[in-house]
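The values are calculated or read from the model by the stated rules, or taken from the named source; none is laboratory data. The shown structure was predicted, so the numbers you read here are calculated from the model rather than taken from an experiment. Because the Cβ atoms are built from the backbone with ideal geometry, glycine has one as well, and the counts that use them run over all protein chains shown. Note: areas computed on protein heavy atoms with side chains; ligands, DNA, RNA excluded. Shrake-Rupley method; radii C 1.70, N 1.55, O 1.52, S 1.80 Å.
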Amino acid sequence: QVTPVESGGGLVQAGGSLRLSCAVSGGTFSRYGAGWFRSAPGKEREFVAAVIWSSGTSYYAGSVRGRFTISRDNAKNTVYLQMNSLKPEDTAVYYCAATPGGIMTVASRYDSWGQGTQVTVSS
């Protein structure tokens, strides 16, 4: 079972950009899909984006489509989330997770989770 480790969070003004990274220890993403979820205060954890590692097929939540891009680097065994045109409502803890398959947008399909990285967008 892999252990994802996120990095790249921080404080940014509305309209700005951040790139989150997620590397894994204890294995590789190659047999898995990788996804990003987020949790804001008072809200349930929600799906943000996911990628099927072998094919590169990606999925996005409607609220981030066109602003966020998920990508992967096979050589580095790392998945990225490029976030552009950030809004205050994007403020949340962002989690990277790995899944052995299934519906990529459902959190219960993921069996390995990182500790999360805080993203704060000021208005």
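Values as computed for the structure displayed
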item: Under 11 Å, Cβ to Cβ, from residue 54 - net charge with Lys/Arg +1 and Asp/Glu -1; result: +2
item: GluC sites (Glu not before Pro) within the stretch 4-102, DSSP loop, no more than 13 other Cβ atoms inside 10 Å; result: 44
item: FRET efficiency estimate (nearest 0.05) - Cβ-Cβ, residue 123 to residue 31, R0 35 angstrom; result: 0.25
item: Whether the stretch 20-123 is rounded, prolate or oblate, judged on the alpha carbon gyration tensor where a/c under 1.5 counts as rounded; result: prolate
item: Solvent-accessible ranking of 39, 7, largest area first, probe 1.4 Å; result: 7, 39
item: Full-extension gain in nm, residue 7 to residue 108, via 0.36 nm per residue minus C-alpha separation; result: 34.1 nm
item: Per-selection Rg to Rh, the stretch 1-71 - Cα, Kirkwood hydrodynamic radius; result: 0.97
item: Additional length obtainable on full extension of the chain from residue 54 to residue 75, 0.36 nm per residue less Cα span; result: 6.3 nm
